[in-house]
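I have placed the structure first, in the form of structure tokens, so that the comments after it can refer back to it.
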Amino acid sequence: MRGAQDTRQAASEIVAELRRILAARGGSIRIMEVCGTHTVAIFRAGLRQVLPEGIELVSGPGCPVCVTADDYIDAAIAYAGMADVIITTFGDMLKVPGTHSSLAAAQAAGADVRIVYSPLDALAASRENPEKTVVFLGVGFETTAPTEAAAVLSAKEEGLKNFCVLSAQKLVPPAVKLLLADPDVHVDGFLLPGHACVVTGTRPYAFLADEAHKPGVVAGFTPLAILRAVWRLVRQTAANEARIENEYGSVVREEGNPAALAILARVYEETADEWRGLGVIERSGLRMREAFADFDAERRLPVEVERVEKKTACRCGEVLRGAVRPTDCTLFAKACVPTHAVGPCMVSVEGVCA
Ligand code: SF4
């Protein structure tokens, strides 16, 4: 294992090499990370400050809570208002503002909204409360979707009748593809999501190199792993090369995790889904197959959600596309702070504004 001294030495060598490459190439290089955990790791380690001028890291739509559309929050609040319904959710969904309110406000008004750490906790709540319907808010990416699918399979095998999922599980590659076509988004290379690639493998990102001639590197989550991935991206960009490289080979395989992918495919099929800031993207969401319709909250307990255009100065949508920085928002660190967040990018720990 590396000591702190070795790590610092390795980091300085990478930064020196980045300087050398940039000096030889000239210009600047813009890299987008499309994973909220990378965003957190980059900020915690201060990597943006460490990198030489000319290398810019920009955050993309990698925070699952942030990209969840208002309609979904509104539907969750509508379920929370139903008698005999228990809402189970990850904690960072509580304060996300919907069109008019939030789950935290619903909870304060008496709704039964419970924080869980896994869909398996929601299954436990279903067993313990057979007279109630337990709705699990399934928000996440490829990383969490297989666990959710496994919970649905367990519920079916167990014959649990009072468990269902309001799913907003999303698939990252279609969103990246959309960003490539966005004239406001200028990115030279992509830091690919390590956790999601454990499940999907690197193949779903082949289009980056094959169709868009952009490099992509799958990265782990230590500061040194991220720096090494940045170096690989900069090296490729400077040489006008475009490959998908894997800097997280200890856990990421080209083919992903076949067992997790099989569970996912058994329960879910791809569908169009709405992303905050990006709109509706074809085949970017997951919908339960007909055989599991009883566990799909939308089909089991349909609710009408009025679509309202929210008037707000919040620029989360543009922030999530990497089109503007949080500091470009006039509310940033003034009207919008973590304790009084105006938009979801300030609510979630993975939100770039937070
Ligand atoms: Fe939205 Fe707040 Fe970020 Fe501005 S600072 S974009 S209001 S979350």
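The values are calculated or read from the model by the stated rules, or taken from the named source; none is laboratory data. Just so you know, these numbers come straight off a predicted model, no measurement behind them. Note: ideal-geometry Cβ built from the backbone for every residue, glycine included; neighbour counts use all protein chains shown.
Looking at (1) under 20 Å from the mean Cα position of the chain (by Cα); (2) closer than 27 Å to Val308 by Cβ, which one does Ala109 not meet, given that it meets all the others?
So Ala109 meets the others, but not (1).
In segment 315-328, what residues are touching a residue at least 60 places away in the same chain (Cβ under 8 Å) and of a type in the set (Lys, Arg)? Break it down stepwise before answering.
Our first condition is that a residue be touching a residue at least 60 places away in the same chain (Cβ under 8 Å); within segment 315-328, this holds for 316, 318-323, 325.
Result: Arg321, Arg325.
What helices (runs of 4 or more DSSP H) completely inside segment 284-354 contain at least 3 residues that are within 12 Å of the ligand (Cβ to nearest atom) and surrounded by 15 or more Cβ atoms within 10 Å (Cβ to Cβ)? Before you say what the answer is, go through the steps one by one.
Values: elements: 297-300, 316-320, 344-347.
Because the criterion is at least 3 residues that are within 12 Å of the ligand (Cβ to nearest atom) and surrounded by 15 or more Cβ atoms within 10 Å (Cβ to Cβ), the helices (runs of 4 or more DSSP H) in segment 284-354 that meet it are 316-320, 344-347.
Residues of segment 59-75 being in contact (Cβ under 8 Å) with a residue 40 or more places away in the chain, closer than 11 Å to Ala168 by Cα and among the aliphatic types (A, V, I, L, M), which ones?
Matches in segment 59-75: Val65, Val67, Ala69.
Residue pairs, Cβ under 7 Å, 6 or more apart or interchain, first in segment 329-342 and under 17 Å from Leu94 (Cβ atoms), second more than 7 Å from the ligand (Cβ to nearest atom) and outside any loop (DSSP other than H, G, I, E, B). List them.
Ala341/Val347
Of the residues that sit in segment 69-105 and are buried (at least 19 other Cβ atoms within 10 Å of the Cβ) and polar (S, T, N, Q), which one is farthest from Ala145 (Cα to Cα)?
Ser102
Evaluate segment 69-87: report whether one residue or more is under 20 Å from Thr271 (Cβ atoms), part of a strand (DSSP E or B) and of a type in the set (D, E, K, R).
no
Which condition from (1) at negative phi; (2) under 23 Å from the mean Cα position of the chain (by Cα) is the one that Ile29 breaks?
(2)
Counting only residues that are closer than 19 Å to Ala11 by Cα and in contact with a helix residue (DSSP H, G or I) (Cβ under 7 Å, 6 or more places away or on another chain), how many does segment 231-246 have?
Selection size over segment 231-246: 3.
So which of Gly159, Gly201, Gly138, Gly194 is surrounded by fewer than 16 Cβ atoms within 10 Å (Cβ to Cβ) and among the small types (Gly, Ala, Ser)? Break it down stepwise before answering.
Values: Gly201 fails: surrounded by fewer than 16 Cβ atoms within 10 Å (Cβ to Cβ); Gly138 fails: surrounded by fewer than 16 Cβ atoms within 10 Å (Cβ to Cβ); Gly194 fails: surrounded by fewer than 16 Cβ atoms within 10 Å (Cβ to Cβ).
Residue meeting the stated conditions: Gly159.
Return the residues of segment 162-182 that are part of a loop (DSSP other than H, G, I, E, B) and modelled with pLDDT of 95 or more; say none if nothing qualifies. Give the steps one after another, and end with the answer.
To start, the set of residues in segment 162-182 that are part of a loop (DSSP other than H, G, I, E, B) comprises 162, 171, 181-182.
Correct list: Asn162, Leu171.
Please pick out the residue among Gly98, Gly62 that is touching a Gly at 6+ places or on another chain (Cβ under 7 Å), in a loop (DSSP other than H, G, I, E, B) and at pLDDT below 95. Break it down into steps so the answer makes sense when it comes.
Numbers: Gly98 fails: touching a Gly at 6+ places or on another chain (Cβ under 7 Å).
Only one candidate qualifies: Gly62.
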